[in-house]
Amino acid sequence: MEDKGIERTTESLVERKRLPRDEFWGYSTWMLFSQRFTFLVFAIWIIIAVCLFRITIYIQSGILSFLLIMFDLLFAFFAVAFLFSTLADHGSEFVMTFNNRLHFLNEVIKNRPGLAVDKWDVVAANMNEKLISKSSYSNFGYFFDGNMCHKEFKCLFMRDSEASKYPELKKYIDDALRVYKADVDTFLPDNIQDALDRQFEGRVN
């Protein structure tokens, strides 16, 4: 009876705090809206690159024309690199500040999502609400769904290079990973648990 009550509470939280997954047609549509300024800057860069290329057609000097073409290609390359780097990073360097990471860890410790997608949905919805209230991200939400939130958790706190950025968070990271591992262990067979133990070695005491 108690377990069913917990499940109903979890479901009601997900229903009350909707995710971008519930509001948009798909991930691509959500990304287009949430990163609209990035796409706008990219479009302006490409328009400038096309204009520069058209100018070279009317230039008689071979050397000057060659230099303009090379500059145009480099300009277009940096525009594409800017777009892909922005979309890949998703602005985590600016969004996931010390306080936001601390809140993220507390959400994981409190909700104990483990491998349960519905619980990660709850964490994602709570984090979106927090980030929007603090103006850390747009009203379209930082996490598309629980799966994205789960991946971000592993990226931020299960890699030494990322986790060491804020040494003050070590205690909270260790607590969150300990809770996460304990919940994951209940779902996994022994051989996968051994691999996970090796991954956690040195991260959780």
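The values are calculated or read from the model by the stated rules, or taken from the named source; none is laboratory data. Note that this is a predicted model, so its numbers are computed, not measured. For neighbour counting, all protein chains shown are included, and Cβ atoms are generated from backbone atoms with ideal geometry for every residue, glycine included.
Looking at segment 86-103, is at least one residue modelled with pLDDT of 90 or more, touching a Gly at 6+ places or on another chain (Cβ under 9 Å) and surrounded by 14 or more Cβ atoms within 10 Å (Cβ to Cβ)?
Among the residues of segment 86-103, not one is modelled with pLDDT of 90 or more, touching a Gly at 6+ places or on another chain (Cβ under 9 Å) and surrounded by 14 or more Cβ atoms within 10 Å (Cβ to Cβ), which makes the answer no.
Can you tell me which residues in segment 156-179 are at pLDDT 90 or above and in contact with a Leu (Cβ under 8 Å, 6 or more places away or on another chain)?
F157, L169, Y172, I173, D175, A176
T56 passes all but one of (1) at pLDDT 75 or above; (2) farther than 17 Å from M127 by Cβ; (3) in contact with an Asp or Glu (Cβ under 9 Å, 6 or more places away or on another chain); which number fails?
(1)
Working only within segment 104-115, note down all residues that are more than 13 Å from F157 (Cβ to Cβ) and without any contact (Cβ under 8 Å) to a residue 40 or more places away in the chain.
K110, N111
Which condition number does K165 fail, the rest of (1) assigned to a helix (DSSP H, G or I); (2) more than 30 Å from F24 (Cβ to Cβ) being met?
Unmet condition: (1).
Check F144, F153, F187 and return the single one that is assigned to a loop (DSSP other than H, G, I, E, B), modelled with pLDDT of 85 or more and either surrounded by 16 or more Cβ atoms within 10 Å (Cβ to Cβ) or touching a Leu at 6+ places or on another chain (Cβ under 8 Å) (or both).
On the way: F153 fails: assigned to a loop (DSSP other than H, G, I, E, B); F187 fails: modelled with pLDDT of 85 or more.
One residue alone meets the criteria, F144.
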